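Rule-based calculations on the coordinates, nothing more; no lab input. Computed from a predicted model, the values in this text were never measured in an experiment. No Cβ is skipped: glycine too gets one built from the backbone with ideal geometry, and neighbour counts run over all protein chains shown.
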Amino acid sequence: LELLGVSKQFHVRSGGRRARLSAVESVSLSVRQGTTLGIVGESGCGKSTLARVIVGLHLTDDGQMIFDGKQVLTHRRRSPAELKQMQMVFQDPSSALNPRATISESIGFPLQVQGESKAAIDERVAKVMRDVGLPAAYASHYPHQLSGGQRQRVNIARALALQPKLVVLDEAVSALDKSIQAQVLNLLTDLQEEYGLTYVFISHDLNVVRYISDDVAVMYLGQVVERGSAKELYDNPKHPYTQLLLSSVPTLNPADSTRDEPVDSADAKDTEIPSPIDPPSGCRFRTRCPFAMDICSQVAPAPVQLSADRSVACHLYSDAAAGADVQAVPA
Ligand code: SF4
Ligand code: MG
C-alpha cells in the first residue's frame, strides 16, 4: 500500500462560523506486503480518519493511493471488488456487532452482501471461526453471550471472511484487558503469517504498537512527523514529538533506555494540543516543541529522508539532508 500526499478535510462549524478542519494533511506512507505499519499519535491526530480513508469509508480531497500495483481512486466510491481487498476492525468489539444477529450471521454478513451462496457462506464462516479460535458451538450464540476478547475475535473473523489482502485495525485491542490484548495480538500475528496479510495497526498505545509493528509512523495534528522501522524509531526517536511521546510511556524496564537525547516531558512548553481547525503556522508542533526556532513558525518542515526507510519532518534535521552524514543512525 502506498499513500502519496493524501489529505482529508471536514467542514465544521466553529464559533458560529464555517471552518475547515484538516484532519489528514498531505500524508505519504507505504506498507510492504505481509508487514505491519503501526500508526501512533494522541487522540485527534487524524489516525482514525486516515484509517477510514484507506478502506474507503471517507473520500479524500487530494492525494493518491496505490494498492497491489494498482491505483485506487480515493476521491470516489470504490467498486465492490476494491472494497473486498481491504477490511477494517474497529475498537469497540460490542458496538461493532449487531446484538440481534448470531455470531455466524455477523461473520457471514459481508459474504451475503457479496451474493455468495448459503453453502459457501456456511463453509467460509466455519473456516474463519476456526482461524480465530472460536468454538463452532458459538455460531448460534449472540454477542452478549461472549466476552470482550471473544467478540473482538468475531470482528476479526468478519474482517477475514472476504479474504482481504489488507486489514486496518483501529485501536483493535484498546478496549481489552492486558492479558486478552496479548492473546489477540498473537492471534493477529499468526493470521498474518498464515495468510500473508498486510496490517495497518492504529493505536495510541505505544507499547502495543512496538510489539506488533515492523514499521511505525508518528502522526501529529493530521501530519506524519516521523517514519521508520519500529526498532530504530523507538530506540532513537528523532522528532521532538516522538521523543516527547516516548518519554511519557511507562516501560517495563526504564533503565534499559538506549535513547540518545531523551526529552523530559517537563521541557515541553505547552501540553495542550492545538485545534486542527486553526493549526499553528509553519510546524504544527511548534507550540509544544522545546526546540522551536524562528523558522519553525514560518516554514512547514518537509520530510527529511535520513535513510532508506527513515524520515523526519523537522527543521532540526534540514541540514542533515544536505550533509554527508545523513546515515548517522546509531547502531
Ligand atoms: Fe520543533 Fe521546529 Fe522541529 Fe517543529 S520544526 S519539531 S518546532 S524544531
Ligand atoms: Mg481514533
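Where both residues lie in the chain, what percent of DSSP beta bridges are antiparallel, nearest 5? Don't skip to the answer; put the middle values down first.
On the way: 28 of 46 bridges.
Antiparallel: roughly 60 percent of the beta bridges in the chain.
Tell me, how many Å apart are the Cα centres for the stretch 301-317 and for the stretch 47-124?
Each part's Cα centre sits 33 Å from the other's.
Can you put H204, H239 in order of Cβ neighbours within 10 angstrom, beginning with the fewest? Mind showing how you got there, number by number?
Numbers: H204 16, H239 25.
Ordered from fewest to most neighbouring Cβ atoms within 10 Å, H204, H239 come out as H204, H239.
Rounded to the nearest 0.05, what FRET efficiency do Q145 and E194 give with R0 = 25 Å and r taken as the Cβ-Cβ distance? Could you check? Walk me through the intermediate numbers first.
On the way: r = 28 Å, r/R0 = 1.10.
Plugging the Cβ-Cβ distance into 1/(1 + (r/R0)^6) gives 0.35.
Which is farthest toward the positive dipole end of the chain among G282, H315, G115, measuring Cα position about the Cα centre, with Cβ charges +1 (Lys, Arg) and -1 (Asp, Glu)?
It is G115, whose Cα lies furthest towards the positive end.
State to the nearest 20 debye the size of the charge dipole of the chain about its Cα centre, where the only charges are +1 on K and R beta carbons and -1 on D and E beta carbons.
Numbers: 33 positive and 37 negative charges, 273 e Å.
Taking the Cα centre of the chain as origin, the dipole is about 1300 debye.
For the stretch 271-320, what is the charge dipole size about the Cα centre, in debye to the nearest 20, if Lys and Arg each add +1 at the Cβ and Asp and Glu each add -1 at the Cβ? If you can, show how the numbers build up before the last one.
Values: 4 positive and 5 negative charges, 13 e Å.
That gives the stretch 271-320 a dipole magnitude of about 60 debye.
Pull up all non-local amide H partners of V224: gap of 5 or more, or a different chain, and H-to-H distance under 5 Å with H placed in the peptide plane.
Under 5 Å from the amide H of V224: S28.
Which lysines have a Cα lying under 22 Å from the Cα of K70, excluding residues fewer than 8 positions away in the same chain?
Within the straight-line limit of under 22 Å, K70 reaches these lysines: K8, K84, K165.
Report the label-to-label distance for K231 and A101 in nanometres (one decimal), using points 7 Å from each Cα along the Cα→Cβ vector.
Once both label points are built, they end up 4.2 nm from each other.
Given a Förster distance of 51 angstrom, what is the FRET efficiency for D278 paired with Q114, based on the Cβ-Cβ distance and rounded to 0.05?
On the way: r = 43 Å, r/R0 = 0.85.
Working from the Cβ atoms, E equals 0.75.
Go ahead and estimate [θ] at 222 nm for the chain from helices alone: -39,500 (n - 2.57) per DSSP H run with n ≥ 4, summed, over the residue count, rounded to 500.
Numbers: 11 runs with 102 residues, N = 331.
One gets -9000 deg cm²/dmol as the mean residue ellipticity at 222 nm.
Could you list which residues have their amide H under 5 Å from that of T74, counting only those 5 or more apart in sequence or on another chain, with H placed in the peptide plane?
Placed amide hydrogens put M65 under 5 Å from T74.
Picking from L37, L50, V72, whose Cα lies most toward the positive end of the charge dipole for the stretch 29-77 (charges on Cβ: Lys, Arg +1; Asp, Glu -1)?
The listed residue farthest towards the positive side: V72.
For the stretch 9-59, what mean projected area does the convex hull of the alpha carbons give, in nm²?
Numbers: hull surface 18.0 nm².
So the Cα hull casts an average projection of 4.5 nm².
Please build a GNM for the chain, connecting alpha carbons under 10 Å apart, and tell me which residue among Y199, Y234, Y138 fluctuates the most.
For the chain, modelled as a Gaussian network with Cα springs under 10 Å, the answer is Y138.
How big is the chain on each of its three principal axes, counting only the C-alpha atoms and giving the largest first in Å?
Result, largest extent first: 66, 48, 40 Å.
Please identify, among F285, F109, F201, the residue showing maximal mean-square fluctuation in a Gaussian network model of the chain using a 10 angstrom Cα cutoff.
Ranking F285, F109, F201 by mean-square fluctuation puts F109 first.
What net charge is computed for the residues neighbouring V6, neighbours being all others with C-beta under 11 Å from the C-beta of V6, Lys and Arg scored +1, Asp and Glu -1? List each step's numbers first, then the result.
Details: positive: K8; negative: E2, E25, D61, D62.
Here the charged neighbours net out to -3.
Please identify, among S106, S248, S48, the residue showing maximal mean-square fluctuation in a Gaussian network model of the chain using a 10 angstrom Cα cutoff.
S248
Using +1 at the C-beta of Lys and Arg and -1 at the C-beta of Asp and Glu, which of V218, S104, G149 has the Cα lying farthest in the positive direction of the dipole of the stretch 2-238?
S104
Residues with beta-carbon under 9 Å from that of R52, excluding R52: net charge, scoring Lys, Arg +1 and Asp, Glu -1?
Working: positive: K8; negative: D170.
Around R52, the charge tally is 0.
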